[in-house]
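As structure tokens, the structure follows; a few thoughts come after it.
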Amino acid sequence: MRHLVFVAGFLFTPMVALAAPSTFKELVDRLVVLMDLLVPLLITSALVFYLFGISQNVLSFSDQKGGKEKMKAYMLYGILILFVMVSIWGILRLMSDTLFATGGQADFLAPPPEGLDLDCGLGEC
């Protein structure tokens, strides 16, 4: 088994070396793409675990003394945590789009397409 891992590592080393970013910007771009893929996955998994936890504990909280209060607190804290996760993600996305814009103009500031006459449209008058 160790030999198989060694051979696989030896064979895949050139692919890893050739896929390495050559500049810091490429490295950051790859990390940003990775984070863009992971954040929605993490939020979705948090939501699934939260709903699973509620479904598992609905009956057990009712059996305990003070179970209703514990269930309310569990639901409230879960919703607050999900809200904070999504809010931080949205704030960071807004800051990223604002500060690191690609330099494109807003649609309403863009000039009209070539050949478009504002009086006649695309056809000839």
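The values are calculated or read from the model by the stated rules, or taken from the named source; none is laboratory data. Just so it is clear, the structure is predicted and the values come from calculations on it, not from any experiment. All Cβ positions, glycine included, derive from the backbone under ideal geometry; neighbour counts span all protein chains shown.
Quick check on the range 1-15: of everything there that is among the aromatic types (Phe, Trp, Tyr) and either loosely packed, with under 10 Cβ neighbours inside 10 Å or modelled with pLDDT under 70 (or both), which residue is nearest to Trp89 (Cα to Cα)? Even if it seems obvious, please write down each step before you answer.
Let us first name the residues in the range 1-15 that are among the aromatic types (Phe, Trp, Tyr), namely 6, 10, 12.
Now restrict to residues that are either loosely packed, with under 10 Cβ neighbours inside 10 Å or modelled with pLDDT under 70 (or both): 10, 12.
On the way: Phe10: 39, Phe12: 35 Å.
Here the residue is Phe12.
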> Could you give every pair whose Cβ atoms fall below 6 Å, whose first residue belongs to the range 68-89 and is modelled with pLDDT of 85 or more, and whose second residue is not in a helix (DSSP H, G or I) and not small (Gly, Ala, Ser), counting only separations of at least 6 or pairs across chains?
Replying inline: none
>> List the residue pairs whose Cβ atoms are under 8 Å apart, where the first residue sits in the range 42-54 and is touching a residue at least 12 places away in the same chain (Cβ under 8 Å) and closer than 20 Å to Lys70 by Cβ, the second is hydroxyl-bearing (Ser, Thr, Tyr) and surrounded by 11 or more Cβ atoms within 10 Å (Cβ to Cβ), and the two are 6 or more positions apart or on different chains.
In response: Gly53/Tyr74; Ile54/Tyr74
> Can you pull out the residues in the range 16-36 that are loosely packed, with under 10 Cβ neighbours inside 10 Å and either at pLDDT 75 or above or more than 30 Å from Phe100 (Cβ to Cβ) (or both)?
Replying inline: Ser22, Thr23, Phe24, Lys25
> Could you list, in sequence order, the residues of the range 49-67 that are touching a helix residue (DSSP H, G or I) at 6+ places or on another chain (Cβ under 9 Å) and modelled with pLDDT under 80?
Replying inline: Asn57, Val58, Ser60, Phe61, Ser62, Gln64, Gly67
